[in-house]
Structures are given as structure tokens and as C-alpha cells.
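Before any comments, here is the structure.
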Amino acid sequence: MRHLSGRPLTVAGGLLLGLLLAAVLLALNVMGVHVDERPPPRAAESARPGTPLTGNQPELTRALLSRADLGERFTPAPTPSTTVTTATRPPEPAEPPTAVPSAPVARAERCRTLFDAPWELVPTGLELTDQAMTDLSPSGGGTGGRAPALPLLPRLRQTLSMFADDGAVAAYDAIRTSVADCRTFETTLEDGTPATISLRELEVASGGADGAYAVRITAVGGDRTLTGYLAVGRVGQMLSVLRTVGPEGTVDSGDADLTLDLAVDKMELIEGLMDSD
């Protein structure tokens with residue numbers, strides 16, 4: 001009986017190992033196992049002005065206001081000529097800020113949030129099921145056209161939130177309660193300038209909303225005066241918060257009623273579509 005030499009055994013072993021590896025790869029392919037070594041896709045770039053910044057439900061996103069909804073109503077008025085004249089004068093010595101009584105921390109923080117980001121005044125414990133947000137720049141800016149040469153162009157921000165159960169009612173009441181408690185308060189502007197904020201209620205038609213109100217915002221700080229409005233509307237489990245502030249003369253607070261009415265109309269339409277599903 002002849003014995004196999006070492007070389008034929010090595011070749012036979014290599015062939016057997018190759019067949020085993022091929023069988024394993026075939027089995028993994030049949031089982032659907034796939035290892036993807038490609039890097040994960042990058043997060044989407046920030047949305048352009050006028051497009052939703054967040055929002056998971058398509059219905060909620062479609063309920064946001066668009067530039068087409070506002071048309072020419074969101075066109076800032078020209079800057080008063082006195083602004084240019086004032087800028088050519090030599091700077092006057094700055095006066096020391098007037099001391100104001102310190103407000104309780106809770107109220108001071110709540111009032112500041114009301115001025116900066118009122119949509120954040122949501123009581124803890126509420127279940128927020130979805131939220132969509134958009135920024136609209138004045139007509140002619142942000143979507144291809146050139147924005148007017150105005151300082152601190154105002155932006156209209158809308159935040160549309162959907163809550164579970166009675167969360168929209170509680171959030172609506174929380175913002176309105178804060179407005180009643182913050183008629184006049186001291187805070188700082190984005191550049192750190194101390195300012196006095198005043199809120200004055202505006203007349204708005206509730207229409208088909210379950211709740212609607214608006215206030216005119218006036219901020220006086222340093223040698224500047226900013227004006228704008230805050231408008232809040234609730235339809236069912238949806239809450240819309242609209243806020244815009246800009247240099248005096250660039251925002252017409254009279255637009256609050258019409259803008260809020262447009263927001264309510266879109267929410268009612270979306271609510272009807274969601275109920276029919």
C-alpha cells in the first residue's frame with residue numbers, strides 16, 4: 001500500500017478549506033446577512049428660510065404657514081430716515097443704566113422666555129407628540145431675492161406643536177398666564193443691551209379656533225425701540241405660536257390678527273384630514 005506524500009495532502013487540505021469557506025459565504029448570503037461598511041449618511045443641512053426646520057408628521061408640516069400664505073403682508077416698511085441722521089451725529093456719553101427692582105427668579109426667567117422663545121413655556125409632564133417649526137424672512141429675502149437693506153431684519157417664527165390628551169389646552173393656558181404676569185418686565189436683548197419689554201393685548205378674531213389671542217411687543221433698550229407681536233392659536237390638540245420682533249417701523253402688529261387667522265385655517269384643514277384617517 002502506497003502512502004500519500006505531504007504535498008498532495010497539503011493541496012487536498014487547501015481545496016477542502018476553500019470549499020468550506022465558499023459554503024459558509026453562500027449560507028450567509030442566503031440568510032440575508034450583509035455587512036455594510038459604508039459610513040452613515042450625514043445629517044441633513046439646515047433648512048432654508050421658509051422651510052420646516054423640524055417635523056416628523058407630514059400633516060403637521062403642511063399646516064405651517066408659507067411665504068405664499070402671507071404674500072405681501074410680511075414686507076417690512078422702510079427704515080425711518082431719522083435713523084440715518086442719528087447715525088451721523090457724534091456719540092453721546094452713555095448714561096448709567098437705571099436700577100430696577102429685582103424680580104423673583106422664576107418670574108424673571110419666565111418673562112424672558114416669553115420674549116425670546118414663547119413656545120418653550122410648556123409645563124413639564126405634557127406629552128409632546130410632534131413639533132414643526134419654520135422661519136419666514138421678509139419678502140424678497142431668504143428664497144432667492146435680495147433682502148431690503150434694513151438692519152436687524154425681522155423674522156416671523158412659527159412653532160406648531162401637537163400634544164396628547166389635553167396637553168394643548170395646558171400649554172395654551174401656560175403661555176397666556178405668563179403674558180398676564182409679564183405685562184412689563186426688564187430683560188436683555190440678544191446683544192446684551194438692557195431693555196424694558198411691554199406687552200399690550202391686541203384684538204383678534206377667534207374664528208373657528210378653540211383659543212386665540214395676541215399681544216403687541218414693545219422693547220426699549222439703549223437708543224433702540226423694537227416692536228412686534230406674539231400670536232397664539234389652538235385647534236384641538238395643535239398649538240400654533242407666532243412671534244416676530246424687529247426695529248420700529250418694520251413690523252406691523254396689526255398683521256397679527258390676519259396671520260393668526262391664516263394659521264388657524266390651516267390647522268383646521270389638517271385636523272379635518274387627520275380625523276378622517
Tell me whether region 180-202 contains one or more residues that are closer than 21 Å to Met133 by Cα and in contact with an Asp or Glu (Cβ under 6 Å, 6 or more places away or on another chain). no
Given the conditions (1) open to solvent by less than 40 Å² (accessible area, probe 1.4 Å); (2) modelled with pLDDT under 90; (3) closer than 19 Å to Tyr229 by Cα; (4) not in a strand (DSSP E or B), and given that Gly141 satisfies all but one, which numbered condition is not satisfied? (3)
Against the definition (closer than 16 Å to Pro118 by Cβ and open to solvent by 40 Å² or more (accessible area, probe 1.4 Å)), how does Glu271 come out, yes or no? no
With the first residue restricted to region 219-235 and required to be among the aromatic types (Phe, Trp, Tyr), and the second required to be open to solvent by less than 10 Å² (accessible area, probe 1.4 Å), Cβ contacts under 8 Å at 6 or more apart or on different chains are Tyr229/Ala214; Tyr229/Val215; Tyr229/Ile217; Tyr229/Leu242; Tyr229/Thr244; Tyr229/Ala256
Among Gly222, Gly211, Gly246, which is the only one that is open to solvent by 30 Å² or more (accessible area, probe 1.4 Å), modelled with pLDDT under 95 and not aromatic (Phe, Trp, Tyr)? Gly222
Could you check how many residues of region 184-193 are open to solvent by less than 40 Å² (accessible area, probe 1.4 Å) and touching a Pro at 6+ places or on another chain (Cβ under 7 Å)? 0
Surrounded by fewer than 16 Cβ atoms within 10 Å (Cβ to Cβ), in a strand (DSSP E or B) and in contact (Cβ under 8 Å) with a residue 24 or more places away in the chain: does that describe Thr196? yes
Single residue of Ser206, Ser198 found to be closer than 23 Å to Ser66 by Cα and among the polar types (S, T, N, Q): Ser206
Checking Asp181 against (1) buried (at least 17 other Cβ atoms within 10 Å of the Cβ); (2) touching a residue at least 24 places away in the same chain (Cβ under 8 Å), which test does it fail? (1)
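The values are calculated or read from the model by the stated rules, or taken from the named source; none is laboratory data. Only a predicted model underlies this, so the values are computations on that prediction, with no experimental measurement involved. FYI the Cβ positions are ideal-geometry reconstructions off the backbone, even for glycines, and counts take in every protein chain you see. In case anyone asks, the SASA skips ligands and DNA or RNA and just uses the protein heavy atoms, side chains included. Shrake-Rupley method; radii C 1.70, N 1.55, O 1.52, S 1.80 Å.
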